[in-house]
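A short worksheet on the structure shown next.
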Amino acid sequence: MGPAAGEPPTLLADALHYALGSLACGVRHVLADELEETPRAELVEALQRTFRGSQELKGALEESFERSLQSLFVGLKQAWLLMETGGEDYCAAFGERVRMPFVAEEGLEGRLFLDLIDGFFLDYDTALDAAGAVLGLPELDEASFFEQLLEAGAGGQAADMARRASEALRRSFVEAAGLEEEHPILRLGCWRDLLAEGLHYHFTELAKTHPVWSRYLELFEPEALEREGLRAIVKQDARAQARLTLVRTLNERRQDYAANFGRILPNREWLFDLAERLDDAEETVESDLLKGRSISAHDLPTIVAAGVGKVHAALGTSAAGRLADALAQPNPALKDILRRSRRDFRRSHWQGAGYGDAALQLGGALLPISGPKAAERYYREALAFGADLATGEYGLYFTSLCSAEFDEALSHLLAAAEANPQRYQPFDTQAYRPERILGAGAAGPTFLADTGEGKAVVKLLWDPLSLVDPRPSLRAYAARLKAAQGSFPRLLHLGVHHKEWPYLVTEFVEGDDLDEFREARGGELPPDLVREVGSRIAAALEPLHATGLAHGNLSPGNVRVYAGEEGLAVRLLDPGLPGLLLAAPDRVPALRKLLAWSRVGRTIAESFANHRAPEVVRSGAQASGPAADVYSLGALLYRLATGAPPRRPDPAALPTSLREAVMRCLARDPQQRPTTAAEVRQLLVREAGAPGAAAPGASAAPAGADPFAPAPGAPG
C-alpha cells in the first residue's frame, strides 16, 4: 500500500528529515512541553502561521540542494579556478580531504577520473532541475510539510540520519532524475554522504541568516548549549538531554563538512559563477546597460562601474558597507540600472582591467537594495581580482557583522585596518587589542579588548562622523555617567579616532544580559524575581531621573545582570548613545526594512519596536525623557514575567502582584505613566504583598507576527 495523499514515501522523508534536522531541533526546543500537551493538528497550524506557509522553506531546501551540487562542481574545477584567481587556491581543503581520498578509495586514475568529471558536469543541470522531486517537495502539502518538520527533530543518531538521507537521495536521483546507479553525481555525492551533509549544512546556514528562522538556531550557540545542558541535568530531563546530544552531533557534522570544503563555502557562489563562465566566454557581448549594443567583454567592467556610480550618487552610498545605507530608498529606475549592471557584469567573463573595482562598486550598491548576503559575494570577487584590499575587507567585515558571524567579521576588520588604518581602523587597536565581537545593536558593535592590564569593552557607533555627528551624544553620555556613578560600568576613555570614528571604552562587567538571564531560568521569571530585577533597574535609573536626565536606550541587551557583593546586581549600558533609527525620518518603514535585511537588522528593529516608548518611535530622540524610560522599563518587566514582547500587552498574562505596576508603565499616554523610576520602584514595593498567584505566562508572539502593528485601539 502506497503513502497517503500528501505523505511522502519513507525514503524521501529520510532526506528531508536530515536536511531539516538542525532547524527541527530548534523548533522542538522552543515548543518544549507543547509537543506532548498540544494536539498535533494545532501545533501544525501554529507552525504554518509562524513560518507563513511552507513555500519559502521549500525554496530554501531547493537552494541548499543547488549549493551542495555547486560546491562539488567548484571543487572539481579546482585547477582552472586556480589559474583564474591569480594562484590563490580556494579549493585546497576540498582537494586534500575530498577529491584525493575519493580518487584513491574508488580506484580512479588518469582517464577514469577525467571521465567522472565530464559525466558530473554533463548532467549537472539535469540533477539540479530535479531538486524538488529528489527531495519529495511536490508531494508535500502545507500540513504534511510541517508534520515532517516536527518529525525531523524527534530523535535518532545523526550518523544514522545522514546515512539514510544519502540512500534516499541515491534512490530519488535514479527515479526522479533518471540517473544511473553508478552515475558520477551519485558516485561522488553519496561518497561519505557528501550531498546529504551538504543539504543539512547549507539549509542550516540559510536558516541562521534568515530574519525569522534564525531564532530557532540560537540553541546551537556554544553558550546556549552549555546553559541548556546544565538546566537539563538539574531538572533530570531525559528528553531534553537526548535532544541536546543530537544538537551537539549535528553541530559537529556541520563543522566537519565546512572543514572538508574549506574556502569553497564562503566563496562558493562567485567561484561557481566563474567556473560556469569558463565554459561560456565570448569576446563580444551585448550590453544591457547600452540597450543591446555589442561591445568587447573587456570593456564591460568600465560600463558597469559607470552605471553603478549613478546608483551610488543617487542614494548617497559608497562601496564600503554602512548601516545607514540600509535605510536608503531606491526607486524602480535605480533598481533597474543595478539589475542591468549585474547582467553586464556576468557577461564580462572576469575580463577587463576594472573587473575587481566594478565588483567592489556592485557590492556596495547591492547592500541597501538586496541586503548583506547579496553584497558579500561581490566583495569576495573584488578581493580575488585585485580591487582595493582595505575596502573589500571592510565590506566583508560589515556583511559578516550583519549576519552575526562575529569571528569572521573581526578577522576582516583587522585586515582592513592593517591595509588602511587611516580610513578603516575604528579605534586604537594597539591600546585596546580586540579579542572578539560581543554583539551589535542599535547604537553599534561592541568589542571585548585587552588593555594590557585587563579586559575592557569598546563600543563603536555604526557609521563615521560624516554620517552622524556623535559629539553631542558623547558629551551627553559623559553627563549621564557623572549623574549616576555606580549605575554604569566605569568609563575608561571617550573619544573620536582619526577625527572620524567615535568610540568609548568602559570596564568589562561579567554577567548576562536580560534576555540571557531570563532564558537561563526557563523563559519566564517568578513574580518575586521580576520585582527584584525591576527594582534594581529602577534604582539604577533614579539618579538620572532626579536630575531630569534619561537613559534613552533601555533594552534587554543594555541591562547586565550579575552576582554582586549583596546578591543580584545590575549595571546599565550605553545610556543616550544615538541609534540609527532615532535619526531616520520615517521610522516604521525603516523598521520593516531592517527586520528583513539581516540578522543584526532584525535585532535592531525588534529592540527598537518593542522597547521604545510610542512617542519616541513617532518623534525621535527629542521625545526621550524619564517617562520614555519608564515605558521601556515596563516593557522589560512584561518580557521577564511573560516571555512575550509588549507590543500587545495583555494584563491577564501578568501575575496579579505585578499587573498594576507594569501596565501603568506601558500606558501609551506618557501622562498616565509613573513619571520617574523612583515611582516605579515604589509601585513594585507596594504590590509585593498583594494577594494573588501568578497568571499563566503568555506565549511569545509567533515569529511571523508583525512586531510593528499598533496595539488594539492605538494609533498606527
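The table below gives the values:
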| quantity | calculated |
| --- | --- |
| The range 388-521: relative contact order in percent, alpha carbon pairs under 8 Å with at least 6 residues between | 18 |
| C-alpha long axis of helix 332-347 to longest principal axis of the chain, angle in ° | 40 |
| The chain, helix-only ellipticity at 222 nm - DSSP H runs n ≥ 4, -39,500 (n - 2.57), divided by all residues, nearest 500 | -17000 deg cm²/dmol |
| LYS335 versus ARG163: modelled label distance in nm, points set 7 Å from Cα along the beta carbon direction | 5.0 |
| Pairwise FRET efficiency - TYR562 versus ARG231, Cβ, R0 = 22 Å, nearest 0.05 | 0.70 |
| Charge dipole (debye, nearest 20) of the range 457-557; +1 at Cβ of Lys and Arg, -1 at Cβ of Asp and Glu | 580 |
| Packing-based order for 665-671, 188-194, using average beta carbon neighbours within 10 Å, highest first | 188-194, 665-671 |
| Amide proton proximity set for LEU438, modelled H, under 5 Å, gap of 5+ | THR446, PHE447, LEU448 |
| Rg/Rh for the range 1-148, where both radii come from Cα atoms and Rh is the Kirkwood radius | 1.10 |
| Cα shape, the range 285-341, gyration tensor, a/c 1.5 rule | prolate |
| Dipole of the range 333-471, positive direction: furthest Cα of GLY371, PHE398, ILE337, with charges on the beta-carbon | ILE337 |
| Point-to-point label distance, GLU106-ALA583, nm (Cα→Cβ direction, 7 Å offset) | 5.5 |
| Point-charge dipole on Cβ atoms (K/R +1, D/E -1) for the chain, about Cα centre, debye to 20 | 2860 |
| Amide proton proximity set for ASP288, modelled H, under 5 Å, gap of 5+ | ASP344 |
| With every protein chain in place, the range 313-468: carbon and sulfur % of accessible area (1.4 Å) | 48 |
| Cα Rg, Dmax (largest Cα-Cα span) when computed across the chain, Å | 27.1, 85 |
| Point-to-point label distance, GLN430-ASP273, nm (Cα→Cβ direction, 7 Å offset) | 3.9 |
| Derived scalar couplings ³J(HN,Hα) [the range 589-605; Karplus, 6.51 cos²θ - 1.76 cosθ + 1.60; whole Hz; x for Gly, Pro] | x, 5, 4, 5, 5, 4, 4, 9, 7, 6, 5, 5, x, 5, 4, 4, 5 |
| Global form of the range 201-288, assessed from the alpha-carbon gyration tensor, a/c cut-off 1.5 | prolate |
| Overall form of the range 598-642 per C-alpha gyration tensor (a/c, 1.5; a/b vs b/c) | oblate |
| Calculated SAXS-style log₁₀ I(q)/I(0) at q = 0.11, 0.14 Å⁻¹ - the range 333-473, Debye, Cα scatterers | -0.46, -0.71 |
| Å² per residue, accessible surface of the chain at 1.4 Å | 41 |
| Reach of LYS310 by Cα under 19 Å, taken over aspartates and glutamates that are not fewer than 8 positions away in the same chain | ASP288, ASP299, ASP325, ASP336, ASP344, ASP357 |
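The values are calculated or read from the model by the stated rules, or taken from the named source; none is laboratory data. Owing to the predicted nature of the structure, the values given are computational and were not obtained by experimental measurement. Because the Cβ atoms are built from the backbone with ideal geometry, glycine has one as well, and the counts that use them run over all protein chains shown. To get the accessible areas, we keep the full protein, side chains included, count just its heavy atoms, and leave off ligands, DNA and RNA. Shrake-Rupley method; radii C 1.70, N 1.55, O 1.52, S 1.80 Å.
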